[in-house]
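What follows is one structure encoded as structure tokens, with my remarks underneath.
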Amino acid sequence: MTAVWISLAVVGLVLLYSIYLFNRLVSLRNRVDNGWSQIDVQLRRRYDLIPNLVETVKGYAAHEREVFEHVAEARSRAIGATTVGDQAQAENQLTAGLRRLMAVAENYPELKASQNFLALQEELTGTESRIAYARQFYNDQVMLLNTRIQAVPSNVLAKAFGFTPREFFDIEDPIRGPVQVDLTHP
Amino acid sequence: MYEQIASNKRKSVVLVLGAILLLGAVGYAIGLITQQGPAWLIFGLAIAVAMSAGSYFYGDRIVLASTRARAVTPEQEPRLHNIVEGLAIAAGIPKPRVYVVPEQAPNAYATGRDPEHSSIAVTQGLLDAMNRVELEGVVAHEMSHILDRDMLVGTIVATLVGAVVLISEFFMRALWWGGVGGRRGNDRGGGPAEAVLFAVGLVLLILAPIVGQVVRFAMSRQREYLADAQGAMLTRYPPGLTAALKKIAAASSIPMRSANNATAHLWLNQPSRIQGERMGPLERLFSTHPPIEDRIRRLEEM
């Protein structure tokens, strides 16, 4: 009789622990999804900002057409990206393009002094640091989720219920990353 | 971090229970002295419960009002708003409300009851003195206080201590003026009303320093080091906060008009009330904050 009770208790405990593990997996997956939507929101804010920025720079430096085209092209490619990896690559190009745009702006003192440009510059810096933080949060949560999916014992549950590891969002850090010097451009 | 949250929630409950017990005891004592029975006890308990509920639900507004903080819009302070929003994303919590305190001393604090109801206030002096990276370091430190629920304990302490101080001052003044008036009136000797005032005043007078010690105990100084470290983890850039703390240390002689004992523990750095005030060793022992030099050293060792 006691043996029955003990085995029942063990089964009950295992069941409870499995429920706990399953719920952890679900909440982590939701956090990853939430993290991704945060990144998406911030990226979208940057897309919305770019036409304004380009127009403002154009007002003072209309002949720098090549840079404007480069940025516009990178922007539309980033908007069209579908997978996490593609998105990351497109964002890198867009960030590089924006850097060039800002470097061009350095050559026009009147532009740099204009109130509109300064406000846009603060908005761009703010948006880029928000992207960096959203990416940091997303990658942290992806790491936690992937560890749970691969580690014993939650890997059994993950397999049974179809939890798959997520892809990290690897873009170069827009604030503290290496500065690219474009020698082809005076 | 989860233990930190649990311990802070426990502390908040203990503080509230302590306040209820204290005022209940005072009410009971008055009841005994005046022989009016449990009416005073119930009165004391009612005040305590109202005070606790008030400090939980309205504590943040009381603290913000007492420091004369005003809400700012993203249009007025784009840089500050951008930084707060970014760090809220990094911490995975909703964006706290943003306030500016019209003070020249660079300082900041966080208040509220949970991440959904939280506010970050910085002084005008901080906005003027810090560059973007430094401001980010300071905001990340305050964000950690929100994450750890330090601001819940801090806000409850600030409002409960503030209320106790207010009540004891009220009674002491009533006692003083009542006593003088009584003597002038000649025939109004030691009636029950004066006995009550005297008893309450005496109890609160004895309790005031003890309450102060409790505050210091509740707001363990360790939490500041912890928030520094956690803030550095949010920005992934300890030198930002280090540089900010150095600037704050250099400006620590600038006095703050709205500084008082009830809210001192909330601030990023202990506010000074008098121009050029320097802390002696004894004050350092009883201060609510660790010495800023120690915090800078620990951050540099990271």
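For the range A:2-129, taking Cα atoms only, Rg and Dmax work out to 24.8, 89 Å respectively.
Distances between placed amide hydrogens fall under 5 Å for B:Ser118 paired with B:Arg97, all partners being 5 or more residues away or on another chain.
Roughly how crowded by other chains is peptide B:81-87, in terms of the mean Cβ count from those chains within 10 Å of each of its Cβ atoms?
5
Using only side-chain charges placed at the Cβ, +1 for Lys and Arg and -1 for Asp and Glu, the dipole size of the range A:25-160 relative to its Cα centre rounds to 580 debye.
What's the exposure ranking of A:Val156, B:Val161, A:Val54, B:Val153, going from fewest to most Cβ atoms within 10 Å? Each step should come with its number before you reach the end.
Values: A:Val156 11, B:Val161 23, A:Val54 19, B:Val153 26.
Lowest to highest Cβ neighbour count: A:Val156, A:Val54, B:Val161, B:Val153.
Within chain A, the longest run free of GluC sites (Glu not before Pro) that sit in a DSSP loop with at most 15 other Cβ atoms within 10 Å is A:1-105.
For the pair B:Arg10 and A:Asn52, label points projected 7 Å from Cα toward Cβ lie 4.9 nm apart.
Based on Cα atoms of the range B:43-101, Rg over Rh with Rh as the Kirkwood radius reads 1.17.
Put a dot 7 Å past the Cα of B:Gln222, heading toward its Cβ, do the same for B:Ser258, and the two dots end up 3.2 nm apart.
Determine, for B:Trp40, A:Trp5, the number of other Cβ atoms within 10 Å of each Cβ, and report the residues in order from fewest to most.
Working: B:Trp40 21, A:Trp5 9.
Going from sparsest to densest Cβ surroundings: A:Trp5, B:Trp40.
For B:Ala251 and B:Met302, the difference between the fully extended length at 0.36 nm per residue and the C-alpha to C-alpha distance is 15.9 nm. For the pair B:Tyr58 and B:Arg132, a Förster radius of 35 Å applied to the C-beta separation gives a FRET efficiency near 0.55, rounded to the nearest 0.05.
With the gyration tensor restricted to C-alpha atoms of the range B:78-158, the semi-axes of the equivalent ellipsoid amount to 19, 15, 10 Å, longest first. When the Cα positions of A:Phe117, A:Leu157, A:Ala103 are compared along the charge dipole of the range A:25-160, A:Leu157 comes out farthest toward the positive end, with charges on each C-beta of Lys, Arg, Asp and Glu.
FYI, it's all coordinate maths here, none of it is from the lab. The structure presented is a predicted model; accordingly, all values stated were derived computationally and were not measured. As a convention, Cβ positions derive from the backbone with ideal geometry for all residues, glycine included, and neighbour counts pool all protein chains shown.
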